[in-house]
1. What percent of all Cα-Cα pairs in the range 182-335 falls into each 10 Å bin, going from 0 up to the bin containing the maximum distance?
2. According to a simple spin-label model (label point 7 Å from Cα along Cα-to-Cβ), what is the distance in nm between residue 161 and residue 90?
3. Taking 0.36 nm per residue of sequence separation and subtracting the Cα-Cα distance, how much length would be gained by fully extending the chain between residue 339 and residue 221, in nm to one decimal?
4. Of the listed peptides 134-145, 389-400, what is their order by residue-averaged count of other C-beta atoms within 10 Å, with the highest listed first?
5. Taking 0.36 nm per residue of sequence separation and subtracting the Cα-Cα distance, how much length would be gained by fully extending the chain between residue 111 and residue 20, in nm to one decimal?
6. With r defined as the distance between the Cβ atoms of residue 239 and residue 142 and R0 fixed at 56 Å, what FRET efficiency is calculated, to the nearest 0.05?
7. Compute for the chain: radius of gyration divided by Kirkwood radius, i.e. Rg/Rh, restricted to C-alpha atoms, rounded to two decimals.
8. For the range 181-243, treating each Cα as an identical point scatterer without solvent, what Debye log10 I(q)/I(0) comes out at q = 0.15, 0.19, 0.28 1/Å?
Amino acid sequence: MSLYKEFVERGMIAQCTDAEAVEKLLENEKVTFYIGFDPTADSLHIGHFIQLKIMAHMQRAGHRPIAVFGGGTAMIGDPSGKNEMRKMLTKEQIDHNIAAFQKQFARFIDTSDGKAIFVNNADWLCSMNYIDFIREVGPHFSIARMMAAECYKSRLETGLTFLEINYMPMQSYDFYHLYNEYGCKLEFGGDDQWSNIIGGVELIRRKKQAEAYGLTFKLLLTSEGKKMGKTEKGALWLDPAKTSPYDFYQYWRNIDDADVINCMKMLTFMPLDEIAQYEKLEGSEINAAKEKLAWEVTALIHGTEEADKARAAARALFGGGSDSADMPTTQLDDSDFADGAVAVVDIMVKSRLAPSKGEAKRLIQQGGVFAGDEKVADFAATLPKSAFEGGLIVRKGKKTYHKFILK
């Protein structure tokens with residue numbers, strides 16, 4: 001099966017500028033392609049992992065990936081999928097985030113012997129004279145066509161700024177620059193990047209009279225069409241300091257039955273024929289598929305040792321136990337206690353079992369919080385320091401456990 005057909009079989013491709021040409025290109029050439037990543041945070045999240053997996057998949061097939069870190073474009077901010085202008089970052093914040101991205105990329109992409117290229121678009125964008133840039137690129141962009149693009153059209157009523165209008169020409173110039181410097185013929189991205197990718201394909205065609213291609217991949221959505229990767233604590237991060245391997249594993253272990261197979265296809269390297277066997281499972285048997293998915297994705301992100309630990313902890317909890325060395329743990333010290341006790345809502349916020357005291361109170365009022373084997377009945381409840389000697393397990397809902405220990 002060709003690489004393109006495998007992407008199709010995995011249900012990953014959303015749009016392509018010329019599917020037949022791209023399939024032939026991937027079959028007959030060793031292609032240099034690129035994906036851009038704007039460093040808007042200090043860690044990649046699960047949405048980025050789709051793109052990372054695609055780069056790894058392509059590299060395994062002999063193609064050369066370019067990862068473009070948007071040190072320049074992040075100074076502007078991509079309006080795609082946003083209902084207001086992104087928070088403006090300082091150059092220092094952007095540089096810090098790029099360094100964090102590069103460390104995470106190194107786990108998945110082989111850069112030895114020129115097999116992959118990491119670049120920062122600030123290296124060419126930030127040194128350009130704005131008048132020269134507008135004269136070179138501006139004539140090739142129709143305002144009418146830009147305003148018809150979804151990334152701009154959806155923002156017209158909520159306040160699209162002149163700053164953001166510059167984003168599409170700048171990203172398009174990235175493709176043009178990479179075509180000239182590295183012979184890059186193909187740009188990949190999430191489907192929310194379709195308009196920006198088309199801009200680059202058209203710029204190369206107009207300025208070089210050459211063919212380049214764009215392909216977008218589906219976003220990771222639930223069967224109900226909602227974005228996956230959002231938790232009560234925020235995004236599902238790849239950095240273990242922001243989302244622990246256990247919490248990461250539990251997210252996939254607890255997804256809806258209807259989403260398991262799609263996630264296996266999009267997030268793992270499991271062979272399609274193996275996935276097809278899991279697709280036959282019904283009822284409670286689907287738990288085996290969920291466990292397999294959770295282990296595979298956690299192993300890819302955090303390594304097999306962490307995946308094994310998370311699985312062991314989850315099995316202990318699902319089996320009715322509540323003691324595991326691999327359970328997420330928060331240390332409490334003397335400063336957490338007042339008059340020898342601590343409020344349950346305070347430790348829930350500290351451990352990120354709840355994002356705020358208000359949410360913690362709501363969970364308690366709904367009867368969803370247990371300290372040890374006892375339901376917490378009052379949102380003003382406190383626990384004595386002695387309750388934490390030897391460790392205390394707090395459970396939220398049926399499947400989220402957290403251990404508290406004294407420092």
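No lab work stands behind these numbers, since they all come straight from the coordinates. If you're wondering where the values come from, they're calculated on a predicted model, not measured in any experiment. Every residue, glycine among them, receives a Cβ derived from its backbone with ideal geometry; neighbour counts consider all protein chains shown.
1. Bin by bin from 0 Å, the calculated values are 10, 30, 28, 17, 10, 4, 1.
2. If labels sit at residue 90 and residue 161, their model points lie 1.8 nm apart.
3. Between residue 339 and residue 221, full extension yields 37.7 nm more.
4. Result, highest mean first: 389-400, 134-145.
5. Values: separation 91, 0.36 × 91 = 32.76 nm, distance 2.94 nm.
Full extension from residue 111 to residue 20 adds 29.8 nm.
6. Working from the Cβ atoms, E equals 0.85.
7. Looking at the chain, the ratio lands at 1.02.
8. Relative scattering, expressed as log10 I(q)/I(0), comes to -0.65, -0.79, -1.14.
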